[in-house]
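Just so you know, all these numbers are worked out from the coordinates, no wet-lab data involved. Here the structure is a predicted model, which is why all the values come from computation and not from measurement. Cβ coordinates were reconstructed from backbone atoms using ideal geometry, including for glycine residues, and neighbour counts include every protein chain displayed.
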Amino acid sequence: MDPLFDFTGKVALVTGGSRGLGYQMVKALAERGADVIVASRKLENCEAVAEECRALGRRAWAISAHVGKWDQCDRLIEEAYAAAGKVDILINNAGMSPRMPSHEVTEALFDSVVNLNFKGPFRLASQIAKRMFDGEGGCIINVTSSGSMMPLPQVVAYGSSKAALNAMGRSLAWEYAPKVRVNTLSPGAFRTDIVEAWPDKGQGPIPIPRGHAAEPEDIVTAALFLASPASVNVTGSIVRCDGGQH
């Protein structure tokens, strides 16, 4: 295994890790030696992914948490450190993007979007960054979206909360340097189970230089780079992995 992408002995915590891109990142890290903590709301889904990673010979833990709520973020952190003893890699991947006309968005829905996309990731990143800084260091990856940097009508709360995540990553990178690297991964359209809701099921061309939506593994490679020693000189960055979308 290339030593730059050997995660043996590392512990990675991935939110939204039971499906979609989060699942793909969990498996990619485990395949390269990392022990993993799989977090999402449904414990049985987390446990199924953890079992796949154990079959690879890795230690893996399943923790149920709604990471839009700070009390559950704090519990997730405590359970993660109690189980694994440390977190070397945090990937804030959980998020939501309901589409509707902005004038129809209720306060409750707005709060739900902002809480899951920004408030919770801030709590997890800030608390774990402090632990990393006081320990052996580590890296944090916040998964944002191309929607944070371009106009997207009918998902304004989503795009705005992801833009806040972009700003957060740059600030935390300064605050907890030099022992903690904090970067932001910005995917464009990619094909996971979410494409079932798209009119063309994600198969048609889209107006970007690459011409079509990415496969999850096209995004995962960027996450592996940011999590690895290969990116030792990369921090406070927004890494676009969007096929040249903008």
> Given just the C-alpha atoms of the range 3-241, how large is their convex hull per residue in cubic angstrom?
Replying inline: 123
>> For the ranges 161-167, 141-147, 51-57, what's the packing order if you count other beta-carbon atoms within 10 Å of each residue, average per peptide, and put the highest first?
In response: 141-147, 161-167, 51-57
>> How long are the semi-axes of the equivalent ellipsoid of the range 1-123, taking √(5λ) for every eigenvalue λ of the Cα gyration tensor, in whole Å from largest down?
In response: 28, 15, 12
> For helix 43-54, what angle does its Cα long axis make with the longest principal axis of the chain, in degrees from 0 to 90 and rounded to 10?
Replying inline: 50
>> Can you tell me the orientation of helix 120-134 relative to the chain, as the angle in degrees between its alpha-carbon axis and the longest Cα principal axis, to the nearest 10?
In response: 30
> Where does the Debye-calculated log10 I(q)/I(0) of the range 42-178 sit at q = 0.10, 0.15 Å⁻¹, using only Cα point scatterers of equal weight, no solvent?
Replying inline: -0.38, -0.81
> For the range 166-179, in order, what is each residue's ³J(HN,Hα) by Karplus, 6.51 cos²θ - 1.76 cosθ + 1.60 with θ = phi - 60°, in whole Hz (x at glycine and Pro)?
Replying inline: 4, 5, 4, x, 5, 5, 5, 4, 6, 5, 10, 6, x, 7
> Can you list the HN-Hα couplings for the range 28-33, worked out from phi with the Karplus curve (6.51, -1.76, 1.60; θ = phi - 60°), rounded to whole Hz and with x for Gly and Pro?
Replying inline: 5, 5, 5, 5, 10, x
> So which of Lys86/Lys162; Lys86/Lys130; Lys69/Lys162; Lys27/Lys69 end up more than 19 Å apart, counting from Cα to Cα?
Replying inline: Lys86/Lys162; Lys27/Lys69
> Which ³J(HN,Hα) values, rounded to whole Hz and listed in residue order, are derived for the range 95-101 from phi using the Karplus coefficients 6.51, -1.76 and 1.60 in 6.51 cos²θ - 1.76 cosθ + 1.60 with θ = phi - 60°, glycine and proline given as x?
Replying inline: x, 8, 8, x, 9, 6, x
> Percent antiparallel among DSSP beta bridges with both residues in the chain, to the nearest 5?
Replying inline: 0
> Between Val182 and residues 5 or more places away or on another chain, which pairs have amide H atoms under 5 Å apart, with H built 1.01 Å from N, and which residues are they?
Replying inline: Ile140, Gly236
> Amide H to amide H, which residues 5 or more places from Arg59 or on other chains are under 5 Å from it, using H placed in the peptide plane?
Replying inline: Val36
> If you count, for each residue, the other Cβ atoms within 10 Å and average over each peptide, how do 174-180, 102-108, 60-66 line up from highest to lowest?
Replying inline: 60-66, 174-180, 102-108
> Relative contact order (percent) for the chain, with alpha-carbon contacts under 8 angstrom and 6 or more residues of separation?
Replying inline: 19
>> Straight-line reach from Lys10: which aspartates and glutamates fall under 16 Å, measuring Cα to Cα and dropping same-chain residues less than 8 apart?
In response: Asp2, Glu31, Asp35, Asp88, Glu136
>> Amide H of Lys10 versus every other amide H placed in the peptide plane: which residues, excluding those fewer than 5 positions away on the same chain, fall under 5 Å?
In response: Asp35
> How far is it, in nm, from the label point at Ser171 to the one at Glu217 when both lie 7 Å from their Cα along the line to the Cβ?
Replying inline: 3.9
